[in-house]
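The structure under discussion appears below in the form of structure tokens.
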Amino acid sequence: MRKYLAALLAAALPALCQSNTGELRLTVADPSGSGLKSTVELVSQANQYRSTFTTDDRGNLDVQRLPYGIYQIQIKAPAFAAISEPVEIRSALPQERTVRLKVAPVSESLKVSASATLIDPYRAGSVNEIGQQAIADRLTALPGRSMQDLVNSQPGWLYEGNAVLHPRGSEYQTQFVVDGIPLTDNRSPSFGPEAEEADDVESIAIYTAGIPAEFGRKMGGVVEVNTLRNEEPGFRGELTLLGGTYATGGIDTQDQYTWKGNTLGFSGSGDMTGHYLNPVVPENYTNNGTTGDFALSFERDFTPKDRLTMIVRHELARFEIPNELVQENGAYLPNQDNDTGCPPVPPADEPSDCVFIPGGQLQSSDNFETMGTISYQHILSPDALAVVRGMSRDNSIDFNSNPASWPLIATQHNDFKEVYFNGSVSVHRGRQEWKMGVESDNIFLNENFSYVMPDCADPSDPQCPINVGVLDAGATTFAFTGSRPDLEQAAYVQDAIRLGNWSVDAGLRWDHYQLLLNQTALSPRVALSRYFPSVGVNVHGSYDRIFQTPSFENILLSSSPSAEALDTSVPAVQLPVQPSHGSYYELGATKAFFGNLRLDTNMFRRDVNNYADDNQVLSTGISFPIAFNKAVLYGAEGKLEVQRWGRFSGFASYSYIVGNAWFPVTGGLFLGDNADNPTSGHFPDSQDQRNTFRGRAIYQVTPRMWVAAGCDSNSGLPFQPDLTPQQYATEYGQVVIDHLNFNRDRISPYFTQNASVGAEIWQREKTSVRLQGDAANVSNALEVIDFGGLFSGNALGPGRQYTLRLVTSF
């Protein structure tokens, strides 16, 4: 009976579960059936997975959280013949497998090839996997964006200012699913702590199409993150020290102790830098930042059928807001009627046609988050698995300005409390793998925003921060407070079917959203693939109907009559911000070459009504959700990847994106002249970057040393100028303006290079010390990522930087 169940589970079909992973329970025995301590290597090139384990004295090994796919398993033990065979992980249900080794002949060698794992012939949709080796050898990131940098390395993803991720041109709609718990708020540095520090991550799976029905609400892209590691009994850990340019330094540790079905884990990190956000001028004024996080986890297997996991995490970030030239140094600026200019310093009798900006601005922000999660897994039968998960967290963000701030002295004190629950059941039945589930998310929002506007000598001057002539009774202050619960529920059912070389993933999701609006939506999704074994090609296509709830950061003010009343000279905008409804289409193919190369190609289209975006309040860095009438985005992408070919590995990717958004705009906080935006027509989406190329090649010089070189080429994003080039030069400097094409309203292309070298400088048994050195933006190019206008702020990439990272594993 046990052999029958093992065979049944080995043939289990793809299940789409909250954490898209399975489990392998392996027993290694000698010819008599007695347990045998042995070494086990598990490899899947498609999943970028390669790990080596040691069974216990009875030959047992439990490998958890394996991404779905085909693996090559190699087993070795002294005096016994090594064995290598494939194994498929296709279900959330644990797969049991027993392997008996034979006594080794006098001379015998085993040739092992993992080329059969290079592509997954039964994957119905496109998923980008980032494995442990790629995470370990990554280019060292500035604090607060190590996870974002890894995601941004994939085709179809672009950065806006301050590491805000944009998948396939979509704005503001990325969710991170960390150990099965979805985080739907913005996790970029200017909004708060990142989803997870990369050093704490075991694996990443990224969806931009063929998205399982269990994922909802934020559908631009879904990033699944697994932080829990497979560890052998005893104490294991890793300590990382880093330092580099911009006074950057950090320390990170992850430690686990495993005993008798229990695993206790701890992780902590602290980082600092003088380049936390993307500055608005090359001088990088006021840009210090510090981050920290601490986490404690406990996992217990009560029985082979029952597993409990608990995690508590606290994160914090404190940082300054980068200044413009005028905000830092001050200026004496002419108004629009002044043709003669102004003296460098104000005279005793200040001319009426000049405005004095004192300089010395200091704006700062901090974010604190405490979160607890719990999950319980129970195997109901050999064919059914139930999982329940819960999460509670408290998040606060503050923004402060000193009296010299210009154009606004802004203050913000926002917080939210969230309670989340998810329950699901996975069932294997014949050729199908069903999953059904429900989820509930309750977020209690509190907003407190205010500003004081400095006086202007001439309110009609374009250098004046706000046209005060249109404010009610010439008011120079504004304050808003609001509280409201955001209540969201969902139910879903999905099925994964394999019919020979055909694979189908189909699902249906129901959502209910209640904040300022009360809406429900039904979203069908389907992904279909056909594998052609004669040519080794997997062709796939998908359709996703999506329902996206608006971002809740500052949504109460953004959708309030108070925001509309700031400017009575224009017609009232539609209130409140509407959820997005849309359709995603994708067609693609995957092909393996020479047993070492894999080519992934996709073309896509997204049609979205009430297209989500955000607008930034002047230069404060505070943003508010908005929605355009609709948007159409389409493009193509390709990635050529070498997992391991002799001494070489690496990748090269290309993305082409075209996007357009249509007026009018709903929501946001538009002040003065900025409120006079069009009510019809369309314009290029802010992530309409036509050509993006990324690549990195790694060469293994010796078994203990490697070198790497990479590059990043961008054709430039569009921008919507609202000042003249001369006025922009006063605020940001001529060197920035020289990188803008005002005839095409696009940022000029830029090209950056990077290089790395890594070495294992000490190794003994299970303890090793690795040193990695990185050089980023080697040519010190000025990287204008984004430039201001009505809907975006300015963002410049860092200049040439060097970083050293020392990693000790034990």
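The values are calculated or read from the model by the stated rules, or taken from the named source; none is laboratory data. Just so we're clear, the structure is a prediction, and the values are computed from it rather than from any experiment. All Cβ positions, even for glycine, are placed from backbone atoms using ideal geometry, and neighbour counts span all protein chains on display. In case anyone asks, the SASA skips ligands and DNA or RNA and just uses the protein heavy atoms, side chains included. Shrake-Rupley method; radii C 1.70, N 1.55, O 1.52, S 1.80 Å.
Answer with one residue from 742, 239, 450: the one whose Cα lies farthest towards the positive end of the charge dipole of the chain, charges on Cβ with Lys, Arg +1 and Asp, Glu -1.
239
Want the number for residue 438 to residue 502: 0.36 nm per residue separation, take away the alpha-carbon distance, what's left?
Gain on extension, residue 438 to residue 502, equals 20.2 nm.
Hey, if we sort 417, 435 by accessible area with the 1.4 Å probe, largest down, what's the order?
417, 435
With every protein chain kept in the model, how would you rank 480, 594, 742 by accessible area, 1.4 Å probe, largest at the top?
594, 742, 480
Report the calculated FRET efficiency for residue 743 and residue 364 (r = Cβ-Cβ distance, R0 = 56 Å), to the nearest 0.05.
Step by step, r from the Cβ atoms, then E = 0.90.
Calculate the spin-label point distance for residue 306 paired with residue 800, positioning each point 7 Å from the Cα along the beta-carbon direction, and give it in nanometres.
6.2
Would you kindly state how much longer the chain becomes between residue 133 and residue 597 on full extension, computed as 0.36 nm times their sequence separation minus their alpha carbon distance, in nm to one decimal?
Fully extending the segment from residue 133 to residue 597 adds 165.3 nm.
Could you provide, to the nearest whole Å², the per residue accessible area of the chain with probe 1.4 Å?
It amounts to 38 Å² per residue over the chain.
When the Karplus curve 6.51 cos²θ - 1.76 cosθ + 1.60 is applied with θ = phi - 60°, which whole-Hz ³J(HN,Hα) does each residue of the stretch 296-308 get, with x for Gly and Pro?
So the Karplus estimates, Gly and Pro as x, are 10, 10, 9, 10, 9, 8, 5, 9, x, 9, 10, 9, 10 Hz.
Could you please report the charge total around residue 488, scoring K, R as +1 and D, E as -1 over all other residues with beta-carbon less than 10 angstrom from its beta-carbon?
Neighbourhood net charge equals -3.
What FRET efficiency do you get for residue 380 and residue 585 if R0 is 30 Å and r is their Cβ-Cβ distance, rounded to the nearest 0.05?
Working from the Cβ atoms, E equals 0.20.
Using a 1.4 Å probe on the protein chains only, how many percent of the accessible area of the chain belongs to carbon and sulfur?
Of the solvent-accessible surface of the chain, carbon and sulfur hold 57 percent.
When we measure straight from the Cα of residue 766, which aspartates and glutamates land under 17 angstrom away, once same-chain ones fewer than 8 places off are left out?
Answer for residue 766, where 17 Å is the Cα cut-off: 41, 56, 231, 232, 238, 255, listed by chain and number.
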